[in-house]
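So the structure is just underneath, and the comments pick up after that.
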Amino acid sequence: MITLLKKRILLGISGSIAIYKVFELIRYLRKKQAIVRIVMTKTSKKLINKLSLQILSNYKVFDDIFYTNNNNIIHIKLAKWADLILLVPATANIIAKVALGLADDLLSTICLATKAKIIIIPSMNNYMYKSPVTQHNIKTLRKRGILIWGPNFGKQICGDIGLGSMLNPNIIIKKLKQYFNTPLKNFNIMITAGPTHELIDPVRFISNYSSGKMGFSIAYVAALLGANVTLISGPVNLLTPPGNIKRINVISALEMKKAVMDNISNQNIFIGCAAVSDYRIINFSSSKIAKKDNLIINLIKNPDIISEVSQLTKNRPYVIGFSAETNLIKEHARKKLIEKKLDLICANNVSKNRFNNINNNYNELYLIWHDGEMLLSLNKKQVLAKQLMKQIIIRYEKDNKH
Ligand code: C5P
C-alpha cells in the first residue's frame, strides 16, 4: 500500500547546514507520490538555491509573505492546502518562533494559521539543542501536539559530538509512512494492563508479577495506528507511551472494574491484558495487622471484568483476552475463550523454565479464535504488539462485515 500517495506535504525549510539532506527527502517524497510544496526562510536561501528546490519539487517555491496570486493570500492558502507541515531542517530559531506564535515571515505565519499537523525535524549544534530555552520550547510544542522527530546523536558538521543532527531522509520517510498508516483512526480501544493490588491492611497487599509491559506496548501500537486509546492500568512502574492515550490508574480489581464499566459504552475493541487478582480480602483491616504466629486471611473471588464486558448486550465491543498459563496452555486458554465468551484469546506460557515472560521484555503468544489459531513466536513485546494489532484489525474487519 502506498501510504504517501497524494498526501499534501508542505516542507518548511530553514537555515541549517543539514539542508543538503532536503534534496534527497524531496526525491523520496515524490517517488512515493506525495505532493510537495516548499516554503523557504531567508537564511535557508543563503545556503541553497531556490531554483534547485523548484525543479526537484516541480512547483514554485514560496518565500515571500506578500506574494499573491489571483488575490489569494499565500500564507492562508498554503496553511489550508497542507495535510502536513514538515519543518525540515528545523533550526532553533524556527522552533522558538513556532513555540511563541511569532509570525514575522511566511513560514512562521503559515505555522500559526494552519490546522494541519506540524512535525519538526530539529537540526542544530548540540549546545543549541541542549540549551534550556530550546528544550523548554520543544516541551511546549510537544504539549500542543506537535511531533518532534529526532535529532540524532553523533559527530556534527561543526566537529562537535552530541545530540542535534537531522534525521536521515530514509528514516523520515519511514516515520511518515507510519504516521499516515492509521487504519484505527476513529476507533476507540480500551486496554487493561498490569496487576491489581488487593489490600490486606494499609501496608500489605496480595498481587502478582505482572509488569504491564505487554498492555503498554499494545496501547502504544494502537495509538500509533490512529486509535483513541483508554489505558486502564494497575500499579506499574511504566511511563504512559506517547500518542493519543488516556491513562486511568487503578489499584484494585474493583477499581479496575469501575474504570472499565464507566468508560466502556463507546469502545470498539476491549483488550483485557491485566493480570487481575483472582481474589480480594474479605475484611480489609484499616489499621496495620499486628504480627501473629498464624494469620488467617479470608479471600473472596473478584468479579471477572472481561466476562462482564463480553456479556454486554448494548454496544458490546470486540473482546480480546489474555491467558497466562504454566501447563496445557492452549487447552486452558480455549476453555477461557468459550467460558468468558471472548472473540480472541492470547495465550502465553509463564512457567519459570520458559523465559519468565510475565515480567520480561519478551513473550510468545498463541492467538486462539473460535475457528482457528496462530502462533506469534518469541519476540520483543513491542514487536508482538504490532503483530497482534495487525491480526486484530484483519479479524475485526472480517467479523464485522455482514
Ligand atoms: O485470570 P484469567 O486467566 O482468568 O485471565 C484471563 C483473562 O480474563 C485476561 O484477559 C484477564 O485480563 C481477564 N480477567 C478479568 N477479570 C478477572 C480475571 C481475569 O478481566 N477478575
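For residue 65, the residues 5 or more places off, or on other chains, whose built amide H falls under 5 Å of its own are 106.
When each of the peptides 8-14, 125-131 is scored by the mean number of other C-beta atoms lying within 10 Å of its residues, the order from highest to lowest reads 8-14, 125-131. Once divided by 2.2 N^0.38 Å, the Cα radius of gyration of the range 197-287 becomes 1.17.
A simple packing score, the average count of other Cβ atoms within 10 Å per residue, orders the peptides 76-84, 170-178 as 76-84, 170-178, with the highest score first. The trypsin sites (Lys or Arg not before Pro) of the range 292-349 that meet both conditions, a loop assignment by DSSP and at most 10 other Cβ atoms within 10 Å of the site Cβ, are 292, 314. In percent, rounded to a whole number, the relative contact order of the range 188-399 is 20, using alpha-carbon pairs under 8 Å and six or more apart.
Here is the P(r) of the chain: all C-alpha pair distances, binned every 20 Å from 0, give 24, 43, 28, 5, 0 in whole percents. Share of pairwise Cα-Cα distances greater than 32 Å in the range 188-399 is 15 percent (whole percent). Axis angle, to the nearest 10 degrees, between helix 21-31 and the longest C-alpha principal axis of the chain: 70 degrees. Residues whose amide H falls under 5 Å from that of residue 187, counting only those 5 or more places apart or on a different chain, are 228, with hydrogens built in the peptide plane.
Want the number for residue 144 to residue 174: 0.36 nm per residue separation, take away the alpha-carbon distance, what's left?
8.5 nm
Treating each Cα of the range 1-75 as an identical point scatterer and summing with the Debye formula, the log10 of I(q)/I(0) at q = 0.15, 0.16, 0.22 Å⁻¹ comes to -0.53, -0.59, -1.01. Here's the picture: a label point sits 7 Å out from the Cα of residue 17 along the beta-carbon direction, and within the range 124-151 the residues with their amide nitrogen under 15 Å of it are 124-129.
Each residue of the range 323-340 is assigned a 3J(HN,Hα), and the resulting list reads 9, 9, 10, 10, 8, 6, 3, 5, 4, 5, 5, 4, 4, 5, 4, 6, 4, 8 Hz, derived from the Karplus form 6.51 cos²θ - 1.76 cosθ + 1.60 (θ = phi - 60°), x at Gly and Pro.
In vacuo Debye scattering of the range 8-180, one point per C-alpha: log10 I(q)/I(0) at q = 0.17 Å⁻¹? These q points yield log10 I(q)/I(0) values of -1.04. Taking θ as phi - 60° and the Karplus parameters 6.51, -1.76 and 1.60, the scalar couplings of the range 85-96 work out to 10, 10, 8, 8, x, 9, 7, 4, 5, 5, 4, 5 Hz in sequence order, x denoting glycine and proline.
Which residues does the label zone of residue 181 cover in the range 1-26, counting backbone N under 14 Å from a point 7 Å along Cα→Cβ? In the range 1-26, the label zone of residue 181 (backbone N under 14 Å from the point 7 Å along Cα→Cβ) covers 1-5.
Amide H contacts of residue 249: 233, each under 5 Å away and 5 or more positions distant or on a separate chain (H built 1.01 Å from N in the peptide plane; Pro and chain starts excluded). Cross-link reach is defined here as a Cα-Cα straight distance under 19 Å, omitting same-chain residues fewer than 8 places apart; for residue 258 the lysines meeting it are 246, 301, 314, 340. Estimated purely from DSSP H runs of n ≥ 4, each contributing -39500 (n - 2.57), the mean residue ellipticity at 222 nm for the chain is -10000 deg cm²/dmol once divided by its residues.
Computed 3J(HN,Hα) for the range 52-61, one whole-Hz value per residue from the Karplus formula 6.51 cos²θ - 1.76 cosθ + 1.60 where θ = phi - 60°, is 4, 5, 4, 5, 5, 8, 6, 7, 4, 9, glycine and proline marked x.
Seen against the Cα atoms of the chain and their longest principal axis, helix 169-180 is set at about 60 degrees.
Among 332, 370, which comes first, second and so on when ranked by fewest other beta-carbon atoms within 10 Å?
The order, fewest Cβ neighbours first, is 370, 332.
All of the numbers you see were taken from the coordinates with simple rules; none came from a lab. Quick caveat, the model's predicted, so the values are computed rather than measured. Glycine also receives a Cβ, built like all others from the backbone with ideal geometry; neighbour counts cover every protein chain displayed.
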